[in-house]
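Can you keep this structure in mind? I'll have questions shortly.
The values are calculated or read from the model by the stated rules, or taken from the named source; none is laboratory data. Computed from a predicted model, the values in this text were never measured in an experiment. Reconstructed Cβ throughout: ideal geometry from the backbone, glycine too, with neighbour counts over all protein chains shown. The accessibility values were calculated without ligands, DNA or RNA, using every heavy atom of the protein model including side chains. Shrake-Rupley method; radii C 1.70, N 1.55, O 1.52, S 1.80 Å.
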Amino acid sequence: MNAVIIFILSFLQWLGVIHCFIDIFMLNSQAVTAVISTVQQEFLKQGEPTSARCDELESLRKRGCDKIENPHGSQRILKNKAVTNRKKGAEKLRPEDITQIQPQKLSLNLRSGEPQNIKLKFKRAEDYPIDLYYLMDLSYSMKDDLENVKNLGTSLMKEMSKITSDFRIGFGSFVEKTVMPYISTTPAKLLNPCTGDQNCTSPFSYKNVLKLTSNGEQFNSLVGKQQISGNLDSPEGGFDAIMQVAVCGEHIGWRNVTRLMVFSTDAGFHFAGDGKLGGIVLPNDGKCHLENNVYTMSHYYDYPSIAHLVQKLSENNIQTIFAVTEEFQPVYKELKNLIPKSAVGTLSANSSNVINLIVDAYNSLSSEVILENSKLPEGVTITYQSRCKNGVVNEGENGRKCSNISIGDEVSFNINITAQGCSKQVKPESIKIKPLGFTEEVEILLNFICECECHKHGIKNSDMCHNGNGTFECGACRCNKGRVGRQCECRKDEVSTEDLDKNCRKDNGTDICSNNGECVCGTCECKKRDNPEERYSGKFCECDNFNCDRSNNKLCGGHGRCECRVCICDANYTGSACDCSLDASTCLASNKQICNGRGICECGTCRCTDPKFQGPTCEICPTCPGVCTEHKSCVQCRAFGTGEKKDTCERDCSYFNLIKVKDRDKLPQPVQAFPLMHCKERDANDCWFYYTYAVNNTEKEVHVVEALECPAGPDIIPIVAGVVTGIVLIGLALLLIWKLLMIIHDRREFAKFEKEKMNAKWDTGENPIYKSAVTTVINPKYEGK
């Protein structure tokens with residue numbers, strides 16, 4: 001059982017919980033005894049295990065612990081050399097004297113779950129040294145390219161002098177593995193793999209032609225002596241060459257400065273697994289195998305994989321520039337995405353643009369800084385935030401990098417390192433952070449806080465631990481081997497005896513420690529709950545502090561504490577769940593009467609005895625006269641945005657819940673549960689609106705018909721039409737009457753004329769001067785037939 005308790009204590013410490021302990025450093029032995037006794041009685045309740053001393057901060061304070069050890073993480077800078085402020089033409093510095101990242105070494109004390117923030121500063125130094133190694137494909141298709149590269153040394157030296165005064169250049173070449181089917185192994189082809197009268201050198205895998213040097217003339221001289229070779233297949237063995245350039249630092253001559261490798265080819269590449277075609281099955285070992293500057297194990301080891309190359313290039317801080325022809329641009333751009341701090345440039349057919357390509361690629365690579373870290377210890381996490389030029393802030397994976405950095409620009413990185421537990425290693429662990437492509441790095445030593453400080457001041461074989469059977473530390477006994485119990489009073493072989501178990505059964509029952517704990521040395525050690533606020537206690541673990549009555553879903557109504565399943569209420573509260581307030585101030589009405597004289601105050605709440613009155617103080621009467629007029633203005637402004645209080649509506653009229661309904665039939669009807677008043681009011685436009693006012697418990701509700709009922713206005717169109725029609729009809733009627741009168745008048749006149757005509761006496765004699773208008777002529781020839 002002792003081992004179980006120690007395991008629990010260790011586990012809680014691993015989680016980063018704090019420890020309640022007794023400060024014994026300045027006390028003599030007698031004083032210690034008194035303090036220990038007092039604190040044990042006040043802090044740990046009967047039945048609570050010793051592990052209950054480890055808990056969260058607030059929980060310990062609530063339980064009355066006033067001596068708490070709560071260690072926090074910290075950090076210390078061990079090396080903090082300022083970044084170099086150097087300008088071109090100034091005094092020449094050794095590469096190791098140039099600093100671009102600050103600080104260089106730190107020590108962190110990590111508390112589980114508590115992040116430590118460190119700030120790194122990076123500044124690109126001006127006139128920083130550069131090593132450039134030119135690795136060229138010397139297969140037959142690169143014949144015209146070799147002619148242009150022969151004068152590359154002095155030309156590139158001249159161009160790079162604009163960037164740095166400390167520049168070195170080297171040269172290497174590659175073709176292919178010297179086995180079938182990559183090359184022809186016939187004796188003649190091994191001597192001269194080219195056809196016809198072409199004079200080519202024997203095929204080889206990789207040669208280190210020139211170690212890094214500042215002598216451009218030597219570069220031109222040695223490269224000028226190189227000859228083209230040949231192979232059978234199109235992909236080349238460039239990966240073998242890249243691996244050797246990366247790992248053979250002494251042969252190449254790499255310094256701890258900016259390292260560039262230019263990989264020039266007009267073909268694709270072989271990678272891991274392709275060696276099987278030549279019977280090569282051993283994976284590349286990633287080691288240097290140069291003898292007399294020639295790679296001697298190409299026939300023995302397979303090509304390296306891309307991941308293997310990425311690892312070695314990163315370890316050796318080499319930035320790669322792929323100078324390839326237009327045809328293979330897509331292939332090498334995909335490769336660039338897999339290799340950090342690499343670039344791709346388009347090589348002309350004869351490599352005439354190689355200098356511009358190198359300068360452009362270098363400027364592109366050096367304008368971006370990307371941080372990477374070594375493998376993290378188990379349980380440790382790291383996050384980055386970058387603060388770049390122009391106030392740009394990046395987080396997440398982008399927080400590792402800053403782009404468009406010019407020489408002399410300074411950027412910073414905020415790095416959070418968090419431990420989620422203690423390391424299994426006893427010694428401090430370390431991680432390294434460095435910018436890709438740079439040799440400088442930041443070393444961070446990690447120390448894990450896995451126990452409290454009081455453990456270091458324990459008293460071995462203390463009398464407090466049953467005659468010296470344990471170490472008294474942090475206010476509790478840590479028993480010696482073979483001893484168990486809160487005070488190490490029992491031997492392990494005594495723990496499970498029947499006689500001791502009897503002392504753990506309440507009322508001689510069958511349940512040991514009420515099934516809420518274990519019997520240790522005849523004393524119940526109660527179980528711990530998942531929730532640290534919940535605890536079992538009591539001699540038989542029969543008590544707890546979480547099974548008391550609840551009110552409003554709160555233990556003891558939030559107005560008391562639970563002890564042994566009974567609520568101990570705070571002052572002015574009573575009841576089994578402490579939900580009954582004895583304070584009558586909440587029942588005082590505005591007239592200073594208890595419940596307005598119309599009710600009884602029970603548990604801080606008014607119970608109204610007059611059914612007409614409602615509300616928390618029995619002052620609301622929804623059915624009393626004047627209710628509709630009282631709330632008219634507020635209903636009007638909230639429902640329709642009009643009325644006397646439309647400007648102060650939000651301030652004065654937020655005391656009720658407004659619910660709109662479509663028509664009067666939807667308004668609620670009176671029920672016995674709570675009084676309800678139907679109201680009908682008229683606004684300034686003579687429009688009627690209908691609503692109900694009710695108080696449901698303490699909630700005031702108003703239901704209002706959303707549409708106003710206004711008197712209908714005159715219909716203009718029918719009126720105008722009627723007037724026009726009336727005018728027309730009247731006009732027609734007048735015309736008809738006039739016409740009728742005219743007809744009557746004419747008839748009368750005609751009748752009068754006829755009468756006068758009949759009464760007239762005229763002379764009927766013929767007029768003597770009258771001549772007939774008819775002349776009769778007889779045809780003499782007419783015979784009358």
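Would you be able to tell me the number of residues in the range 107-142 that are out of contact with any Asp or Glu (no Cβ under 7 Å at 6 or more places or on another chain) and among the small types (G, A, S)?
Residues meeting the conditions: 4.
Kindly indicate the residue of the range 194-215 that is within 53 Å of the chain's Cα centre (by Cα) and over 23 Å from H270 (Cα atoms) and also surrounded by the fewest Cβ atoms within 10 Å (Cβ to Cβ) among those meeting that condition.
S214
Assuming G278 fulfils every condition listed in (1) open to solvent by 20 Å² or more (accessible area, probe 1.4 Å); (2) modelled with pLDDT of 90 or more apart from one, which condition is it?
(2)
Follow-up question, since we're still on this one. Any chance the range 534-550 includes a residue that's closer than 23 Å to D66 by Cα and surrounded by fewer than 19 Cβ atoms within 10 Å (Cβ to Cβ)?
The answer is yes, given that some residue of the range 534-550 is closer than 23 Å to D66 by Cα and surrounded by fewer than 19 Cβ atoms within 10 Å (Cβ to Cβ).
Pairs, please: C-beta under 6 Å, at least 6 apart or cross-chain, first residue closer than 12 Å to Y691 by Cβ and in the range 636-661, second open to solvent by 50 Å² or more (accessible area, probe 1.4 Å) and assigned to a loop (DSSP other than H, G, I, E, B)?
The qualifying pairs are Q636/T642; K660/E706.
Now a separate question. Give the residue, chosen from A733, A712, A721, that is over 30 Å from C621 (Cβ atoms), free of Cβ contacts under 8 Å to residues at least 60 places away in the same chain and assigned to a loop (DSSP other than H, G, I, E, B).
When all the criteria are applied, what remains is A712.
Out of (1) in a strand (DSSP E or B); (2) loosely packed, with under 10 Cβ neighbours inside 10 Å; (3) aliphatic (A, V, I, L, M), the odd one out for I659 is which?
With (1) in a strand (DSSP E or B); (2) loosely packed, with under 10 Cβ neighbours inside 10 Å; (3) aliphatic (A, V, I, L, M) applied to I659, the lone miss is (2).
Can I ask one more? Exactly one condition in (1) surrounded by fewer than 16 Cβ atoms within 10 Å (Cβ to Cβ); (2) under 29 Å from K62 (Cα atoms) is false for G509; which is it?
(2)
Restricting the search to the range 419-444, which residues are open to solvent by less than 50 Å² (accessible area, probe 1.4 Å) and either modelled with pLDDT under 85 or among the charged types (D, E, K, R) (or both)? Talk me through it step by step, then tell me what you get.
So the first thing to find is which residues in the range 419-444 are open to solvent by less than 50 Å² (accessible area, probe 1.4 Å), and the list is 419, 421-423, 429, 431, 433-440, 442, 444.
Across the range 419-444, the qualifying residues are G421, C422, S423, E429, K434, G437, F438, T439, E440.
It is to be established whether one or more residues within the range 384-395 are in the same structural domain as K143 (by the TED database) and in a loop (DSSP other than H, G, I, E, B).
Quick first cut of the range 384-395, residues in the same structural domain as K143 (by the TED database) only: none.
Checked against the condition, which is being in the same structural domain as K143 (by the TED database) and in a loop (DSSP other than H, G, I, E, B), the range 384-395 yields no hits at all.
Considering the range 126-155 alone, what residues qualify as being hydrophobic (A, V, I, L, M, F, W, C) and at pLDDT below 85?
Matches in the range 126-155: M142, L146, V149, L152.
For S184, all conditions in the list (1) more than 44 Å from the chain's Cα centre (by Cα); (2) in a loop (DSSP other than H, G, I, E, B); (3) closer than 30 Å to R86 by Cβ; (4) among the polar types (S, T, N, Q) hold save one; what is the number of the exception?
Going through (1) more than 44 Å from the chain's Cα centre (by Cα); (2) in a loop (DSSP other than H, G, I, E, B); (3) closer than 30 Å to R86 by Cβ; (4) among the polar types (S, T, N, Q) one by one, S184 breaks only (3).
Select the strands (runs of 3 or more DSSP E) contained entirely in the range 103-179, then report the ones holding at least 1 residues which are surrounded by 16 or more Cβ atoms within 10 Å (Cβ to Cβ) and without any contact (Cβ under 8 Å) to a residue 24 or more places away in the chain.
none
Filter the range 400-418 down to residues that are at pLDDT 90 or above and among the hydrophobic types (A, V, I, L, M, F, W, C) and give me whichever is surrounded by the fewest Cβ atoms within 10 Å (Cβ to Cβ).
Residue satisfying both the conditions and the ranking: V411.
Right, C580: in contact with a helix residue (DSSP H, G or I) (Cβ under 6 Å, 6 or more places away or on another chain), hydrophobic (A, V, I, L, M, F, W, C), at pLDDT 85 or above and open to solvent by less than 70 Å² (accessible area, probe 1.4 Å) or not?
Criteria not met by C580.
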